[in-house]
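Structure first, then comments.
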Amino acid sequence: MLRFLLRSLLLGALVCSTVLVASFLLSRASGNLAINIAGPEASAEAIAKIQHELGLDRPLPVQFYDWAARAAHGDLGRSFLFHEKVSSLIATHFPVTFRLGVFAIVLALVVALPLGIAAALLEGTMFDIAIGAVALLGQAMPSFWLGLLLIIWFGIDLHWLPIAGVETWTGYILPSFVLAFVAIPVILRLTRSGMVDAMRADYVRTARAKGLSRASIVLKHALRNAAMPVVAVSAVQLGFILGGSVVVEVVFNIHGLGYLAWESIGKGDFPVVQAVVLLFSLIFVGLTVASDLVSALLDPRVRGA
Amino acid sequence: MSAIRRLPLVLGTAIAGFAVLVAILGPMLVPHDPFTQNLAHRFVPPEWLPGGSPAHPFGTDQLGRDYLARLVLGVRISLMIGLTAVVLSGLIGTTLGVIGGYFGGWVDAVVMFIVSCRLAIPIILVALTVVFLVGSSLTVVMLTIGLLLWERFAVVSRSATRQVASRDYVAAAWCAGCSRRSIVLGEILPNIVHHLIVVATVDMAIAILLAAALSFLGLGVPPPMPDLGLMIAEAKDYMFFKPWVIEIPGLALFVLVLGINLLGDGLRDLLGGESGG
């Protein structure tokens, strides 16, 4: 178990450091950061001055070492444009995105788990086929379009929910729903196929032969085995939801981390972009490591692999 | 029952086939030019709404451009992005996956590490950044998405290669003195290609949605090109009074992606491939 834990952590750390280097290189790849900040009409001296102030005139490895050493101490530098520390920008924008992501994944699980289990138990019936069709429709839905349609229907036509912002908790409903929509088909399909396999397995036949009730067979024996991959994929999906929240945040005008990154990309404010990309990667790696651990705790077979 | 089971393949082939026809022939058949503005004819509603005219069956946009002509060109742009991205990501992903799956050991560990790194980066933010840095154009969008979207090809081709590599005919080819190169090209690839076809449809649908999202966020296909995501972004300021301005391009995008997904599902049932993660 300890070896498994260490290997999983080491791999996660390696992935993070690779992403760190990659995101640094990406932000410096253009080579004209100072021109972006000074504006296209700035004189050569003004650009040189900005380059010097931001340390952009030093060799790349020196810049990287400096940045990484500060980042390790929680200092992510200053935004070129907001004149604020990147770390405090992130601290103010992160909670909104985090709440959105958590609401979305909970909503996705609440919808997808029961439907997936029901579809598996009713395998081959019209209900099963209808659920499969719903999953297909969900996969094809462009999330920004769904968001706009919901704004028209629930915000304008029915006046039920706010159309922008998250000043009240009702503002979270529509954006969380749109974000959940991305994860629902994946979790639904996985739950269904896992349950179908589990219901055919020997241990379920044994449980039946013992005369256990159907509820106990489904919930205790089959679901526990089918839930394993669902735990893993939910963690991954939460990572995708957070990383992809930019679209929904822009549609609903929610000033979270995705919105901040989008705004910063459009203005060439790369310390912010770099930090947000890095943070999302760290969260993703953290989630996968955590799901590996949960799987290993639940299932001894994983530990040995 | 078997009719229902075959429905995805039939419906998917019909929608995707129609989209390809529209993309190839459509721009020649539509009487209007997709770029010509006519400010006297802004927001002409589609034919089925009051005030619509048969001259513009899907209406006109905020600059008086014919919506049908723009939709048709938009479908062509989406398909071009989807195809290019899939070819590029297929080449990258399959190469990585087959190498990892065939050689195993530390080579495989390196491949899986690269895949983990790719999964850890938030794809849409990185794509936005790349398009901003390089400058937005259709080519840049196609290449960026192709270079970012190969992980499903890598994962599926790796696991399929592992299965195939342990078969007797691969061992027989090795004993007969075939080189590694000819085993990979002659024995392994032909036996995993049905998995790859299914992955190609899944990734094509994702690439089209991703490209539309980039255009919607203003860092994808640049105006005045009629990308479907861009059409929605440009029309969204008027959607409260005229919902059809976003409903029409959105529906086109939704049906196009649905068709490709249905085709993929149908092919999976037909060929027995897997769609992967």
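No value in this document is a laboratory result; all are computed from the given coordinates. Keep in mind that this is a model prediction, so the values were computed, not measured. Cβ coordinates were reconstructed from backbone atoms using ideal geometry, including for glycine residues, and neighbour counts include every protein chain displayed.
Laid out as a table, the results:
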quantity	calculated
Length gained when the stretch A:V102-A:H255 is fully extended (0.36 nm per residue, less Cα-Cα span)	53.4 nm
Axial C-alpha extent at least 20 Å, average Kyte-Doolittle at least -0.5 - helices from chain A (DSSP)	A:2-28, A:86-121, A:126-140, A:173-200, A:223-243, A:270-298
Likely footprinting exposure, A:E53, B:E234, A:E249, B:E247, fewest C-beta neighbours within 10 Å first	A:E53, B:E247, B:E234, A:E249
Simple spin-label estimate for B:A14 and B:F35 in nanometres, 7 Å along Cα-Cβ	3.6
Translational D in µm²/s for segment A:194-291 (Stokes-Einstein at 37 °C, 0.692 mPa s, Kirkwood Rh from C-alpha pairs)	200
Full-extension gain in nm, A:L219 to A:A91, via 0.36 nm per residue minus C-alpha separation	42.0 nm
Amide proton proximity set for A:R78, modelled H, under 5 Å, gap of 5+	A:V86
Three principal axis lengths of chain A [C-alpha, angstrom, descending]	84, 58, 28
For chain B, the spread of Cα positions along each principal axis, largest first, Å	76, 49, 30
Pair B:W174, B:L21: separation of 7 Å Cα→Cβ label points (nm)	5.0
Those lysines that a straight Cα-Cα span of less than 26 Å connects to B:K236, excepting residues fewer than 8 apart in one chain	A:K267
Solvent-free Debye scattering, log10 I(q)/I(0), computed from the Cα coordinates of the protein assembly as shown at q = 0.06, 0.12, 0.13 Å⁻¹	-0.34, -1.37, -1.55
Sum of -39500 (n - 2.57) over DSSP H runs of 4+, divided by residues of the protein assembly as shown (222 nm, nearest 500)	-24000 deg cm²/dmol
Relative contact order [Cα under 8 Å, 6+ residues apart], segment A:87-303, whole percent	27
Cut-off 19 Å, label 7 Å out along Cα→Cβ of B:L49, residues of segment B:222-246 by amide N	B:228-246
Calculated FRET value between A:L9 and A:A69, using beta carbons and R₀ = 22 Å, to 0.05	0.50
Packing rank of A:283-293, B:211-221, where each peptide gets the mean count of other beta carbons within 10 Å, highest leading	B:211-221, A:283-293
Relative contact order for chain B, counting Cα pairs under 8 Å that sit 6 or more residues apart, in percent	26
